[in-house]
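Peer 1: I have a structure I would like to understand better, so I am pasting it below and will then ask my questions one at a time.
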Amino acid sequence: MPTPTRRRALAQLAAGTAALGLSGCGFALRQAPKFAFDTVRIAGNENTPVARELRTALITNGLQVLTSASPPSAKPAQVVLTVVTDQRERIAVGQTAAGQVRELQLRTRFTFRLRTATDKDLIEDVELLLERDLSFSETAVLSKDAEEALLFRDMASDVVQQVVRRMAAVKSL
């Protein structure tokens, strides 16, 4: 039977081996994004739910975000993020023999582009399309409405994370 000291030494050895194995494979925790610019102007459909969440995420990551409501005396933006499309769709994809909806497909479609203030394309038009399936029951309409709202919020968060990662991938203006 191993002694407590020996058990502790074996546990430390196992932890060290695991840490060495993970560092050797390139694993690293995701860091906060670093941008090649400090200020961004959001243009286009800037008052949609995804655009508002995107503005909050960019501010949280240290960027100064300007919108159409920003004062004209504000520092000019280095890049312009244009929200071309921000659309939510709800489509019935499954029905019973009686014509009642049994399954819905929820979609979030977000199209954007990123340009410098001098109209140089940094990211050309990109469309992000996320889909989620939702079973539907007319006996539980309120809970399904809440689940639908939760799925749309989750998709909006996913879109925002993808846009922020793509913006951080821009290395030079």
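We did not get these values from a lab; they are worked out from the coordinates using the rules stated. Predicted model, so just to flag it, every value in this text is computed and none were measured. When we count neighbours, we look across all protein chains shown, and the Cβ atoms used for this are built from the backbone with ideal geometry, even at glycine.
Peer 1: Nearest 5 is fine: what % of DSSP beta bridges in the stretch 40-155 come out antiparallel, could you say?
Peer 2: 80
Peer 1: Could you work out the relative contact order of the stretch 35-173, using alpha carbon pairs under 8 angstrom and six or more residues apart, expressed as a whole percent?
Peer 2: On the way: 241 pairs, mean separation 35.0, N = 139.
Averaging sequence separation for qualifying contacts and normalising by length gives 25 percent for the stretch 35-173.
Peer 1: At Gln161 and Ser70, where each label point lies 7 Å from the Cα along Cα→Cβ, what is the point-to-point distance in nanometres?
Peer 2: In this crude label model, Gln161 to Ser70 measures out at 2.7 nm.
Peer 1: In nm², what is the average projected area of the convex hull enclosing the Cα atoms of the stretch 56-113?
Peer 2: Projected over every direction and averaged, the Cα hull of the stretch 56-113 covers 6.2 nm².
Peer 1: Put a dot 7 Å past each Cα toward the Cβ at Thr96 and Phe27; how far apart are the dots in nm?
Peer 2: With each label point 7 Å from Cα toward Cβ, the separation is 4.8 nm.
Peer 1: Ok, one more. Near Lys144, which aspartates and glutamates are there with a Cα under 14 Å away, not counting those fewer than 8 places off in the same chain?
Peer 2: Filter leaves Glu103, Asp133.
Peer 1: Label points 7 Å out from Cα along the Cβ direction at Leu142 and Leu173: separation in nm?
Peer 2: With each label point 7 Å from Cα toward Cβ, the separation is 5.2 nm.
Peer 1: I'd like to verify something in the chain: which complete DSSP H helices, judged by Cα projection on the helix axis, reach 27 Å or more and average at least 0.0 on the Kyte-Doolittle scale?
Peer 2: Span-like helices here: 4-24, 141-168.
Peer 1: Calculated from the structure, volume of the Cα convex hull per residue in Å³ equals which of (i) 237; (ii) 186; (iii) 175?
Peer 2: The value computed from this structure is option (i).
Peer 1: Which whole-angstrom value gives the distance between the alpha carbon centres of the stretch 141-157 and the stretch 69-140?
Peer 2: 15
Peer 1: First measure r as the distance between the Cβ atoms of Leu150 and Ile59, then evaluate 1/(1 + (r/R0)^6) with R0 = 22 Å and state the FRET efficiency to the nearest 0.05.
Peer 2: Step by step, r from the Cβ atoms, then E = 0.35.
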